[in-house]
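Enquirer: A single structure is presented below for examination.
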Amino acid sequence: MSTKYLVENLLRPPVEMNSAVVAILFSVILFVAPGVIMLTPSVTYFASFLLFVLAIVRYRQARRIKKYQRGLKKLPYYEMSSKQVPVSTKKLFLGKGFRWRSKHTQRLKDIHRNNPDKYLEPSMSYRFARWLEDTFETNPVIKPITKLTSSKSRMNPLKPLPDVGGSPEIHAVGMWEGEKDIYSKLGERVGHTLVLGTTRVGKTRLAELLITQDIKRGDVTIVFDPKGDAALMRRVYGEAISAGRKCYIFHLGYPDISARYNPVGEFSRITEVAGRIADQLPSEGNSAAFKMFGWRFVNIIAQALVRLGERPDYHKISRHILSIDNLFIRYAKHVFNERKIKDWATATQVIQDNLDEKTLPFALKGRDFEGIAIMKYLETSEVYDSVLDGLMGAFRYDKTYFDKIVSSLAPLLEQLTSGRTAELLAPEYSDVNDNRPIFDWKSVIQQKAVVYVGLDCLSDSVVGGAIGASMFADLTSVAGHLYKNGLDHGLADGLKATEMPKISLHADEFNELVGDQFIPMLNKAGGAGFQVTAYTQTISDIVAGIGDVAKAGQIEGNFNTTIMMRVLNKETAQFFTDKLPEVEINSLTAITSASDSSDTSSDTQFDSRNEDRITEKDVKLVSEDVMMALPKGQAFAMLEGGQLYKLRLPMPNEAQDRKDKILPDNLAAIADDMERGYLPITSEDWYSSNDFGWFNAGELNRG
């Protein structure tokens, strides 16, 4: 109807109602008194029927106008239980919405141009009900009335609007044509997705929606949660158990129920161990030299441990960084025995017997005598091993000087190996009494398992960030291995994998995790089936997290899909709007003029003129102020090469989900403690409550 005219006017009185009333009136008259127009009854009844049809058509047109105008204040309620979330092997469900075009930009401009209060302000009765509730909150006489007006029952015409803030008219401008389910092609996922939105606007709700589909679809699903969101942990575990998938819960804040993981225990090249640890050190200015020294010593220690048949972990590396003597002695003996050198024990014993602490060089004072004897023996022998030479070089250093050059490395390792965190990051593989599972990324992918990683960054951001970055580096290494060798490398013929699974990686609070190791994952891991969805608040967070504008630009450029929720940072809004084209919108100006005639011989006393003038101007398809006024749970999404969609997320059906899924007692207690301890209910919980549960009964980490 509106597309027939150059200027669309949906903010007008529903004049179609007038013709509908007249048509139904004459239809009734003709039906009751067919002789009024002095025609045959058959013709009269047919005319009555046509008028009745006309009345219905015009009534529906008027009703559509009224519905559109009412919808500018309040959108229809949209909810969905976990079971109702659509799952497809070809597309990803994002919510309800519509393709945003220039006509929606036009409608939004029209609303704010033509007395917006008339269409956006709640009715007087609604405002009176809210005033009554606020003014007489504790009045025992009025309280029964306010209890009725504040009821959220559908029978209450004055029920409060959802506490989502923002401007509902942004989405309402698309309700004229109606919403539909919005999907993104799964083939676009390997191009990676960036979700931007300020605190408490529904990023986690969107994450739950996407994670649910990934788990049900059968993708390997890995969720990084730096802050520790109880609802997210519940959702991940519950969906995994419901789908019959093995689930690992790794949480630094709750070691008793956490699975264990060695961030440096799996690698394709031994140098990766040093890289994962040294990457956490500062690299600006003079710190760069200390970082390289730290990398060198960690690399030497890691090589020595591997050749001794031991798996590197944070605890062993920390112990040998602080005191290299024991590792040097053990590795030297290993080399002597491996090369079948027979006289080394006798020769070193003779040297050791002749050592005197008083005559030792200052750098060797306090060193183990056996180590000094081995060093002197190696100086006079032809035995050479690159790792042994590196260990001997570290052994020669004055301990005070050595401590200085690894001064930035030791505190980091101490943080990673203090308290019960060490149990999780340096698991004892031979302890049969510890039932907590141990996982590595390759086995997770082979099992097509689900992993939730709670890094507890609110309690200790340094440790949480370091472990998260190490996990990303480990995943990048695994991606490279899969790309070169495939998933079934090293498996028996009967265990060969049929196809490479998709690995869906969700990184909440992305700024806490981003580092140099993330760039190759985004650049190259798509070929190994990795599809990353990153959630953060502003573009500046990525710059702050990586510490380099150019590298941040590299990361931003690798996200082919962008979903923008409400932001409060204009720079972040511009990051999205600058990718959008400019469109033409119309502006209708009413012009009225009158002029007197001074010609006394003319019968014309004055002239008047009325005209409507249409002007056009170019504006952005979506402006920054629109991005900053989105209600909670709504977003703009740029999909499939620049196609812009307006989305709103479904609210969960809490009652149905409580019936379907119950969280196991051990995890329920943990989730409740997470909510009480550092995740109190805030305005983001416009869709949930403290006792909301998503999960099926089952034992933790059952497979």
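The values are calculated or read from the model by the stated rules, or taken from the named source; none is laboratory data. Keep in mind it's a predicted model, so treat the numbers as computed, not measured. Note that each Cβ is placed from the backbone with ideal geometry, even for glycine, and that neighbours are counted across all protein chains shown.
Enquirer: Give, as residue ranges, the helices (runs of 4 or more DSSP H) completely inside the stretch 145-264 that count at least 1 residues that are among the aliphatic types (A, V, I, L, M), surrounded by 24 or more Cβ atoms within 10 Å (Cβ to Cβ) and within 19 Å of the chain's Cα centre (by Cα). Outline the logic, then answer.
Expert: Numbers: elements: 169-172, 203-217, 230-242.
Qualifying helices (runs of 4 or more DSSP H): 203-217, 230-242.
Enquirer: Here's a follow-up. Within the stretch 495-545, take every residue that is touching a residue at least 12 places away in the same chain (Cβ under 8 Å) and hydroxyl-bearing (Ser, Thr, Tyr) and give me the one that is nearest to residue 445 (Cα to Cα).
Expert: 504
Enquirer: A further question on this structure: Which of the residues belonging to the stretch 25-65 are β-branched (Val, Ile, Thr) and buried (at least 18 other Cβ atoms within 10 Å of the Cβ)? Working first, answer last.
Expert: The first filter runs over the stretch 25-65 and keeps only residues β-branched (Val, Ile, Thr), leaving 28-29, 32, 36-37, 40, 43-44, 53, 56-57, 65.
44, 65, listed by residue number.
Enquirer: Check off (1) aliphatic (A, V, I, L, M); (2) closer than 29 Å to residue 435 by Cβ; (3) in contact with a Leu (Cβ under 9 Å, 6 or more places away or on another chain) for residue 281 and give me the number that stays unchecked.
Expert: Evaluating residue 281 over (1) aliphatic (A, V, I, L, M); (2) closer than 29 Å to residue 435 by Cβ; (3) in contact with a Leu (Cβ under 9 Å, 6 or more places away or on another chain) leaves (2) as the failure.
Enquirer: Here's a follow-up. Give me the residue from the stretch 514-545 that is part of a helix (DSSP H, G or I) and of a type in the set (D, E, K, R) and, out of that set, surrounded by the fewest Cβ atoms within 10 Å (Cβ to Cβ). Please lay out each step first, then the result.
Expert: We begin by selecting, within the stretch 514-545, every residue part of a helix (DSSP H, G or I); these are 518-528, 539-545.
Of the ones still in play, those that are also of a type in the set (D, E, K, R) are 524, 541.
Working: 524: 15, 541: 19.
My answer is 524.
Enquirer: Hey, does the stretch 279-290 have a residue that's under 16 Å from residue 477 (Cα atoms) and surrounded by fewer than 23 Cβ atoms within 10 Å (Cβ to Cβ)? Full working, then the answer.
Expert: Our first condition is that a residue be under 16 Å from residue 477 (Cα atoms); within the stretch 279-290, this holds for 279.
From what is left, the residues that are surrounded by fewer than 23 Cβ atoms within 10 Å (Cβ to Cβ) are 279.
Yes, the stretch 279-290 contains at least one residue that is under 16 Å from residue 477 (Cα atoms) and surrounded by fewer than 23 Cβ atoms within 10 Å (Cβ to Cβ).
Enquirer: Of the conditions (1) out of contact with any Lys or Arg (no Cβ under 6 Å at 6 or more places or on another chain); (2) on the phi < 0 side of the Ramachandran plot, residue 201 satisfies every one except a single condition; which number is it?
Expert: Only one criterion is unmet by residue 201, namely (1).
Enquirer: Filter the stretch 47-80 down to the residues that are under 17 Å from residue 104 (Cα atoms) and not in a helix (DSSP H, G or I), then identify the one that is nearest to the chain's Cα centre (by Cα).
Expert: So, considering only residues that are under 17 Å from residue 104 (Cα atoms) and not in a helix (DSSP H, G or I), the one nearest to the chain's Cα centre (by Cα) is 75.
Enquirer: Is there a residue being touching a His at 6+ places or on another chain (Cβ under 9 Å) and in a strand (DSSP E or B) anywhere in the stretch 546-560?
Expert: Within the stretch 546-560, the subset touching a His at 6+ places or on another chain (Cβ under 9 Å) is 558-560.
Adding the requirement that they be in a strand (DSSP E or B) leaves none.
No, because not a single residue in the stretch 546-560 is touching a His at 6+ places or on another chain (Cβ under 9 Å) and in a strand (DSSP E or B).
Enquirer: Could you please let me know if residue 541 is over 19 Å from residue 457 (Cβ atoms) and among the charged types (D, E, K, R)?
Expert: Details: over 19 Å from residue 457 (Cβ atoms): no; among the charged types (D, E, K, R): yes.
No.
Enquirer: Here are some residues: 518, 472, 439. Which one is of a type in the set (Phe, Trp, Tyr), closer than 30 Å to residue 319 by Cα and at pLDDT below 80?
Expert: On the way: 472 fails: at pLDDT below 80; 439 fails: at pLDDT below 80.
Answer to the check: 518.
Enquirer: Let me ask another. Checking residue 129 against (1) assigned to a loop (DSSP other than H, G, I, E, B); (2) under 26 Å from residue 651 (Cβ atoms), only one condition comes out false. Which one?
Expert: With (1) assigned to a loop (DSSP other than H, G, I, E, B); (2) under 26 Å from residue 651 (Cβ atoms) applied to residue 129, the lone miss is (1).
Enquirer: Hey, could you check the stretch 155-191 for residues that are without any contact (Cβ under 8 Å) to a residue 40 or more places away in the chain and of a type outside the set (S, T, N, Q) and say which is farthest from residue 622 (Cα to Cα)? It would help to see each step written out before you state the result.
Expert: If we filter the stretch 155-191 for residues that are without any contact (Cβ under 8 Å) to a residue 40 or more places away in the chain, which is where we start, we get 155-160, 187.
Next, only the ones that are of a type outside the set (S, T, N, Q) stay: 155, 157-160, 187.
Working: 155: 37, 157: 34, 158: 33, 159: 32, 160: 29, 187: 27 Å.
Ranking the candidates gives 155 first.
Enquirer: Which of the residues that make up the stretch 438-457 are assigned to a loop (DSSP other than H, G, I, E, B) and surrounded by fewer than 23 Cβ atoms within 10 Å (Cβ to Cβ)?
Expert: Narrowing the stretch 438-457 to residues assigned to a loop (DSSP other than H, G, I, E, B): 439-440, 448-449, 455-457.
Of everything in the stretch 438-457, those that are assigned to a loop (DSSP other than H, G, I, E, B) and surrounded by fewer than 23 Cβ atoms within 10 Å (Cβ to Cβ) turn out to be 439, 440, 448, 449, 456, 457.
Enquirer: So which residues in the stretch 595-608 are in a strand (DSSP E or B) and either polar (S, T, N, Q) or at pLDDT 80 or above (or both), if there are any at all? First the steps, then the outcome.
Expert: Going through the stretch 595-608, the residues in a strand (DSSP E or B) turn out to be 595-596, 606-608.
Hits for the stretch 595-608 are 595, 608.
Every residue, every condition in (1) out of contact with any strand residue (DSSP E or B) (no Cβ under 7 Å at 6 or more places or on another chain); (2) of a type in the set (S, T, N, Q), yes or no:
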| residue | (1), (2) |
| --- | --- |
| 511 | no, yes |
| 553 | yes, no |
| 565 | no, no |
| 569 | yes, yes |
| 572 | no, yes |
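Every residue, every condition in (1) in contact with a Phe, Trp or Tyr (Cβ under 9 Å, 6 or more places away or on another chain); (2) acidic (Asp, Glu); (3) surrounded by fewer than 20 Cβ atoms within 10 Å (Cβ to Cβ), yes or no:
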residue	(1), (2), (3)
330	no, no, yes
349	no, no, yes
357	yes, yes, yes
363	yes, no, yes
373	no, no, no
407	yes, no, yes
416	yes, no, no
419	no, no, yes
422	yes, no, yes
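Enquirer: While we're looking at this one, here's another question. If a residue has to be among the acidic types (Asp, Glu) and under 10 Å from residue 304 (Cα atoms) to count, how many in the stretch 378-393 make the cut?
Expert: 0
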